[in-house]
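Single-structure report; data block below.
The values are calculated or read from the model by the stated rules, or taken from the named source; none is laboratory data. Because the structure is predicted, anything quoted here is derived from the model rather than measured. Cβ placement follows ideal geometry from the backbone for every residue including glycine, while neighbour counts extend to all protein chains displayed. Quick note on the areas: whole protein, heavy atoms, side chains included, nothing else; ligands and nucleic acids left out. Shrake-Rupley method; radii C 1.70, N 1.55, O 1.52, S 1.80 Å.
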Amino acid sequence: MDDDTASSSDRVVDAIIRGIGSARYVPGQKLIEANLTETVGVSRGPVREALKRLAAEGVVTLTRHRGAYIRAYSRLDANEMLDVLEVLTCLMARLAAEAANGDQNAKLMQEAYEVLDGQGDRHRENALFIGQRHHFYDTLLAIAGNMQLTRLLPTTQIQLLRLQIIPYLTAQDRQAQLDEYAAITKAVLAGEPKTAESAMRRHMRRSRERFARAPDEAFAALA
């Protein structure tokens, strides 16, 4: 692959990742090569290369006769991903609490929670809420300060999980999530690593329960 093709495929990858982050692309959505070539301004070669790369990373599903789709998780896949995320996010919360005694870190953590809380707005758009949650986790990760954790945390796959479950969350579910994030924030700001880790573990296990309650249609994109 020459440098121009690599650069062009990078642009396609970035466009798809950004699209997932903004909920333009959602789990189970078909990716049309012609649309991507027009949107990004590249030829079909780099588009196909980008789709292969994203398929290898578990972001896109490629099938011989159906083409490319944004990955949708099965119940089993979601549970396995949550197993991994519980370990990584609990470590992240513990490290963030250990590092939160600096004034700047504490300010960043407080601001991230306040944005997420949205001053009591429980009816915001799904894409906005997902973006705010993404910012909350990014802030925890930045405060934790562990570059290997940053490398290992499957950020895009987390976005896909959020996009897949959020249409099925009730107002009570969202309030419960915010209460869980409040507990994590409180423990981090207090500089209590064990409490922060426990609060994150409770959140992840309740997330698993919310996935378990989701109807079969939440996973229908795999059919």
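Structural remarks
- Residue list for segment 92-122, restricted to those being part of a loop (DSSP other than H, G, I, E, B) and either at pLDDT 95 or above or buried (at least 20 other Cβ atoms within 10 Å of the Cβ) (or both): A100
- In segment 167-223, the residues that are in a loop (DSSP other than H, G, I, E, B), open to solvent by 20 Å² or more (accessible area, probe 1.4 Å), in contact with a helix residue (DSSP H, G or I) (Cβ under 8 Å, 6 or more places away or on another chain) and under 25 Å from Y25 (Cβ atoms): L169, P215
- Which listed residue is within 25 Å of L141 (Cα to Cα) and surrounded by 14 or more Cβ atoms within 10 Å (Cβ to Cβ), from T89, T37: T89
- All told, L82 meets the bar of being touching a Lys or Arg at 6+ places or on another chain (Cβ under 6 Å) and closer than 28 Å to R205 by Cβ.
- Restricting attention to segment 18-34, the residues that are hydrophobic (A, V, I, L, M, F, W, C) and open to solvent by 20 Å² or more (accessible area, probe 1.4 Å) total 4.
- Number of the exception - R205 against (1) within 30 Å of D103 (Cβ to Cβ); (2) out of contact with any Ser or Thr (no Cβ under 8 Å at 6 or more places or on another chain); (3) modelled with pLDDT of 95 or more: (1)
- Single residue of segment 142-158 satisfying the filter (in a helix (DSSP H, G or I) and farther than 22 Å from N79 by Cα) that is most open to solvent (accessible area, probe 1.4 Å): M147
- For Q132, the conditions (1) open to solvent by less than 20 Å² (accessible area, probe 1.4 Å); (2) under 17 Å from G19 (Cα atoms); (3) without any contact (Cβ under 8 Å) to a residue 60 or more places away in the chain are fulfilled apart from (1).
- Some residue of segment 130-149 being closer than 17 Å to P193 by Cα and polar (S, T, N, Q): yes
- Qualifying residue in segment 54-73 (condition: free of Cβ contacts under 8 Å to residues at least 40 places away in the same chain and surrounded by 18 or more Cβ atoms within 10 Å (Cβ to Cβ)): yes
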